Protein chains: 2
Amino acid sequence: MNAQPLLAYIRNYIDLTEEEETILLSRVNSRKYLKGQFVVQQGDVCRYENFVVSGCLKTFYTDQEGQEHIVMFAVENWWTSDLGSFITQTPAYYNVQCLENSEVMQFSYENLEQLYQEIPKLERFFRIILQKAYVASEKRIIQNFSSTAKERYLRFRAQYPQIEQRVPQYMIASYLGITKEFLSKLRHQLILEQ
Amino acid sequence: MNAQPLLAYIRNYIDLTEEEETILLSRVNSRKYLKGQFVVQQGDVCRYENFVVSGCLKTFYTDQEGQEHIVMFAVENWWTSDLGSFITQTPAYYNVQCLENSEVMQFSYENLEQLYQEIPKLERFFRIILQKAYVASEKRIIQNFSSTAKERYLRFRAQYPQIEQRVPQYMIASYLGITKEFLSKLRHQLILEQ
DNA sequence: AAAGGAGGTTAACCTAGATTAATGTCACTG
DNA sequence: CAGTGACATTAATCTAGGTTAACCTCCTTT
């Protein structure tokens with residue numbers, strides 16, 4: 001397993017001794033998934049928090065009409081799971097599925113609680129990354145409210161160029177909350193405007 | 001100052017010794033605001049995380065056209081601040097303004113960092129409440145995407161009956177991302193449907 | 001009691017984006 | 001290289017919700 005990306009990521013926020021890093025790694029599992037496989041399935045309890053080492057995944061749910069809605073994408077150095085399901089250990093609302101072959105580092109619920117005991121600094125680490133995630137999530141709420149689809153698309157493109165290249169457009173449309181047809185119209189408009 | 005609501009709230013998540021509670025309270029300030037006063041103003045650095053002891057506040061921002069958009073309301077036992085501004089100590093994007101005379105318990109940035117040193121359990125406390133806030137925020141993103149205005153209004157009413165009574169309708173419309181006229185139309189429809 | 005001002009409603013008209021369905025493009029597999 | 005399946009585009013029509021503006025209630029304040 002390639003633990004370096006995870007350790008490097010954690011070092012951005014807290015300092016761990018070598019011993020602590022060893023304990024940490026002993027309680028994390030690396031897992032490889034193939035394109036199309038599910039890391040979380042709605043209805044199951046989400047057992048892991050997943051740190052993405054390589055690959056690309058989507059988080060989505062299906063509404064009453066069976067429509068798929070993409071909530072987020074995750075690529076290298078992102079976290080993905082159904083956090084609501086994970087923290088309460090109740091059935092998941094979301095699916096997390098691989099769009100490419102992917103490798104993730106998995107923290108199970110029990111191992112993570114254990115780790116909080118063994119390395120209390122990790123409470124701080126997860127608090128800090130959650131703060132950031134929460135702020136980003138709030139920002140997304142606003143931007144959805146007060147922008148047109150075109151503005152949201154432009155912002156998405158500017159903000160996540162790595163993702164736009166790797167993901168088919170109908171999924172980007174789903175992420176933006178518009179139809180693939182309307183996204184197509186927007187793209188056409190933008191070409192004319194140049 | 002009435003510290004009981006805050007202590008009771010914290011006790012839901014972690015156990016503090018009497019001594020720890022004393023330290024905590026020594027680093028928190030109670031503050032009373034009048035209706036209309038601002039707890040956070042956009043452009044200023046947000047200095048506090050605020051726990052609401054009594055009253056009602058709104059968090060909003062103004063867009064390019066000067067339109068006000070309400071992001072959340074806060075009542076008793078809720079937290080309010082501009083977290084993005086607070087954690088980075090950079091100018092706030094939001095305003096937090098009192099809709100009623102309100103009392104809040106304020107954690108300043110410095111005191112909170114100090115408290116994390118003195119009572120590491122507080123890292124855990126804030127991690128847990130942030131997890132919950134993040135999950136709620138994500139849920140709101142979804143519900144905004146995949147529901148009509150009518151569904152969102154009904155859900156808001158069911159979920160926050162305490163708030164609907166205390167806040168004028170044009171603010172609820174702003175929170176729901178619709179115009180007050182359209183909300184009025186919806187309310188009319190709902191009366192006919194019964 | 002008159003005059004504002006804050007909030008709420010109604011109605012006529014307008015627009016962003018959805019829906020449906022046909023057509024196009026490309027990559028693969030047999 | 002024909003055929004299939006996955007993805008993208010175009011165009012016609014429809015609808016949720018916005019905009020504008022007039023009007024209606026209550027409270028306050030003088």
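Listing for the model above:
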item: Residue in segment A:92-104 that is surrounded by fewer than 17 Cβ atoms within 10 Å (Cβ to Cβ) and either within 12 Å of another protein chain (Cβ to nearest Cβ) or modelled with pLDDT of 95 or more (or both) present; result: no
item: Any hit, segment B:43-51, residues being surrounded by 13 or more Cβ atoms within 10 Å (Cβ to Cβ), within 14 Å of chain A (Cβ to nearest Cβ) and more than 15 Å from residue B:91 (Cβ to Cβ); result: yes
item: Selection from segment B:84-106 of residues that are part of a strand (DSSP E or B) and either out of contact with any helix residue (DSSP H, G or I) (no Cβ under 8 Å at 6 or more places or on another chain) or over 21 Å from residue A:130 (Cα atoms) (or both); result: B:95, B:96, B:97, B:98, B:102, B:103, B:104, B:105, B:106
item: Extreme residue, modelled with the highest pLDDT, among residues of segment B:183-194 that are more than 8 Å from DNA strand C (Cβ to nearest atom) and not acidic (Asp, Glu); result: B:186
item: Qualifying residue in segment B:66-78 (condition: of a type in the set (Asp, Glu) and under 27 Å from residue A:124 (Cβ atoms)); result: no
item: Residue check for residue A:115: closer than 21 Å to residue B:137 by Cβ, modelled with pLDDT of 95 or more and either buried (at least 18 other Cβ atoms within 10 Å of the Cβ) or within 17 Å of the chain's Cα centre (by Cα) (or both); result: no
item: Residue list for segment A:115-153, restricted to those being under 30 Å from residue A:19 (Cα atoms), part of a loop (DSSP other than H, G, I, E, B) and more than 7 Å from chain B (Cβ to nearest Cβ); result: A:119
item: Residue pairs meeting the criteria (Cβ under 7 Å; at least 6 apart or on separate chains; first β-branched (Val, Ile, Thr) and within 8 Å of DNA strand D (Cβ to nearest atom), in segment B:176-190; second assigned to a helix (DSSP H, G or I) and modelled with pLDDT under 95); result: B:178/B:149; B:179/B:173
item: Complete set of residues in segment A:167-185 that are over 11 Å from residue A:156 (Cβ atoms) and in a helix (DSSP H, G or I); result: A:169, A:170, A:171, A:174, A:180, A:181, A:182, A:184, A:185
item: Selection within segment A:153-183 - farther than 24 Å from residue A:97 by Cα and either aromatic (Phe, Trp, Tyr) or crowded, with 18+ Cβ neighbours inside 10 Å (or both); result: A:182
item: Segment A:52-83, residues that are within 14 Å of chain B (Cβ to nearest Cβ), touching a residue at least 12 places away in the same chain (Cβ under 8 Å), of a type outside the set (D, E, K, R) and not in a strand (DSSP E or B); result: A:81, A:83
item: Count of residues meeting criterion [in contact (Cβ under 8 Å) with a residue 24 or more places away in the chain and within 10 Å of residue B:141 (Cβ to Cβ)] in segment A:137-155; result: 1
item: Candidate set: segment B:154-194, residues that are in contact with a Lys or Arg (Cβ under 8 Å, 6 or more places away or on another chain) and more than 14 Å from chain A (Cβ to nearest Cβ); chosen: the one farthest from residue A:173 (Cα to Cα); result: B:167
item: Residue in segment B:6-17 that is within 14 Å of chain A (Cβ to nearest Cβ), aliphatic (A, V, I, L, M) and part of a strand (DSSP E or B) present; result: no
item: Which numbered condition residue A:163 fails, given (1) within 14 Å of residue A:71 (Cα to Cα); (2) outside any loop (DSSP other than H, G, I, E, B); (3) within 15 Å of DNA strand C (Cβ to nearest atom); result: (3)
item: Where residue A:145 falls short, out of the listed (1) more than 16 Å from the chain's Cα centre (by Cα); (2) surrounded by 14 or more Cβ atoms within 10 Å (Cβ to Cβ); (3) away from DNA strand C (no atom under 16 Å from the Cβ); result: (3)
item: Complete set of residues in segment B:118-165 that are in contact with a Leu (Cβ under 8 Å, 6 or more places away or on another chain), more than 15 Å from DNA strand D (Cβ to nearest atom) and over 30 Å from residue B:87 (Cα atoms); result: none
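The values are calculated or read from the model by the stated rules, or taken from the named source; none is laboratory data. Quick caveat, the model's predicted, so the values are computed rather than measured. Quick reminder, even Gly has a Cβ in these numbers, built from the backbone with ideal geometry, and neighbours come from all protein chains shown.
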